[in-house]
Amino acid sequence: MRIKLKEIGNQTRERYSGTILRCGIKYNKFKRFPERTLLIGNLTRTDNNDIVTDHLWVTVGKTLCELDLKAGDTISFDARVGMYRKGKHNTEKDFKLNKLTHIEVVREDREIEKDEITTKTPPTLIEYQQACERKEKENEQNWAKFEIKLEAARQKEKEHQQEITNNIMNRINQGLYPLKKIPIGYKAEENPETTIIIDNDKAPYIRNAYQLCTDGKPLALIVSYLKQKGFYKLSKSKLKSMLQNPVYIGKIKFDKKIYKGIHEAIISEQMFNKAQTMLKKKK
């Protein structure tokens with residue numbers, strides 16, 4: 001029911017009322033000391049009697065402390081809705097009420113029992129230790145849940161990667177080019193089940209690039225030549241990777257292994273091998 005606080009929004013201050021259920025304690029990890037808290041049940045907007053949440057924890061400040069509130073008292077106040085993050089990694093969103101003002105109290109007609117905790121009761125060392133233990137136990141449980149979710153996510157990612165690899169190997173075993181990124185000089189067939197085909201507009205320039213490489217021309221000159229032909233995004237490193245790609249002799253390289261493809265070669269295997277020799281010399 002806390003979602004109704006979100007629907008109210010934080011633009012205006014509203015009047016709320018509720019019944020105090022009990023007092024508690026929390027460990028403030030920023031201030032490094034325990035704080036008294038107050039649990040309010042069935043928090044209602046007084047203008048329409050709409051219950052906005054079945055419970056709400058409020059940190060006891062100076063004003064609430066002086067009021068000496070106990071379980072059973074009814075409290076009314078003005079407040080504005082605010083949002084905060086909680087959980088071990090602060091990833092969960094929740095809503096609260098900020099800056100309680102114009103507080104009115106209708107006290108339950110009874111005597112305070114012995115050892116009863118009110119908002120004026122300061123936190124004891126035992127309560128502080130218990131709060132720390134509860135917080136530590138809660139953190140351990142949250143971390144255990146996180147580890148389970150993390151392991152499930154890792155396993156799912158592993159299965160997904162294995163599925164991708166299996167699909168790629170299925171295409172490679174059929175001689176089909178398996179990757180989505182098509183190498184320069186080729187284009188994809190309209191039917192995705194078929195392999196790549198030669199791009200007659202770009203393939204001649206790829207042949208010329210290999211020819212320049214086998215003639216001993218520097219990579220910078222080959223890049224300059226290809227840029228003049230419209231290959232504007234090409235760099236020396238990309239050119240070197242292109243010249244070392246066996247796809248241009250009708251083969252497929254995947255996971256450091258070479259497989260035979262059914263697509264048409266752009267250059268001869270002899271020219272490709274000679275280009276590799278020249279690239280090693282340049283290195």
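So residue 196 ticks every box in (1) within 23 Å of residue 270 (Cβ to Cβ); (2) at pLDDT 90 or above; (3) surrounded by 12 or more Cβ atoms within 10 Å (Cβ to Cβ) but one. Which box is left unticked?
With (1) within 23 Å of residue 270 (Cβ to Cβ); (2) at pLDDT 90 or above; (3) surrounded by 12 or more Cβ atoms within 10 Å (Cβ to Cβ) applied to residue 196, the lone miss is (2).
Of the numbered conditions (1) touching a helix residue (DSSP H, G or I) at 6+ places or on another chain (Cβ under 6 Å); (2) closer than 19 Å to residue 16 by Cβ, residue 120 satisfies every one except a single condition; which is it?
If we test residue 120 against (1) touching a helix residue (DSSP H, G or I) at 6+ places or on another chain (Cβ under 6 Å); (2) closer than 19 Å to residue 16 by Cβ, just (2) comes out false.
Within region 270-279, is there a residue that is surrounded by fewer than 16 Cβ atoms within 10 Å (Cβ to Cβ) and in a loop (DSSP other than H, G, I, E, B)?
no
Kindly evaluate residue 206 against the criterion of being touching a Phe, Trp or Tyr at 6+ places or on another chain (Cβ under 8 Å), part of a helix (DSSP H, G or I) and surrounded by 14 or more Cβ atoms within 10 Å (Cβ to Cβ).
Values: touching a Phe, Trp or Tyr at 6+ places or on another chain (Cβ under 8 Å): yes; part of a helix (DSSP H, G or I): yes; surrounded by 14 or more Cβ atoms within 10 Å (Cβ to Cβ): yes.
Answer is yes for this residue.
Taking the condition over 26 Å from residue 135 (Cβ atoms), modelled with pLDDT under 90 and touching an Asp or Glu at 6+ places or on another chain (Cβ under 8 Å), does residue 85 pass? Spell out how you get there, then give the answer.
On the way: over 26 Å from residue 135 (Cβ atoms): no; modelled with pLDDT under 90: yes; touching an Asp or Glu at 6+ places or on another chain (Cβ under 8 Å): yes.
No, not satisfied.
Filter region 131-164 for residues that are without any contact (Cβ under 8 Å) to a residue 24 or more places away in the chain and not charged (D, E, K, R) and give the result. I'd like the intermediate steps shown before the answer.
Of all residues in region 131-164, those without any contact (Cβ under 8 Å) to a residue 24 or more places away in the chain come to 133-134, 136-138, 140-141, 144-145, 147-164.
Hits for region 131-164 are 141, 144, 148, 150, 152, 153, 155, 160, 161, 162, 164.
Which is on the phi > 0 side of the Ramachandran plot and either in a helix (DSSP H, G or I) or free of Cβ contacts under 8 Å to residues at least 60 places away in the same chain (or both), of 230, 216, 175? Spell out the reasoning first.
Values: 216 fails: either in a helix (DSSP H, G or I) or free of Cβ contacts under 8 Å to residues at least 60 places away in the same chain (or both); 175 fails: either in a helix (DSSP H, G or I) or free of Cβ contacts under 8 Å to residues at least 60 places away in the same chain (or both).
Answer to the selection: 230.
Considering only region 216-239, state which residues are of a type outside the set (A, V, I, L, M), surrounded by fewer than 14 Cβ atoms within 10 Å (Cβ to Cβ) and within 20 Å of residue 274 (Cβ to Cβ).
216, 218, 236
The values are calculated or read from the model by the stated rules, or taken from the named source; none is laboratory data. Quick caveat: nothing in here was measured; it's all calculated off a predicted structure. We place every Cβ from the backbone using ideal geometry, glycine too, and count neighbours over all the protein chains shown.
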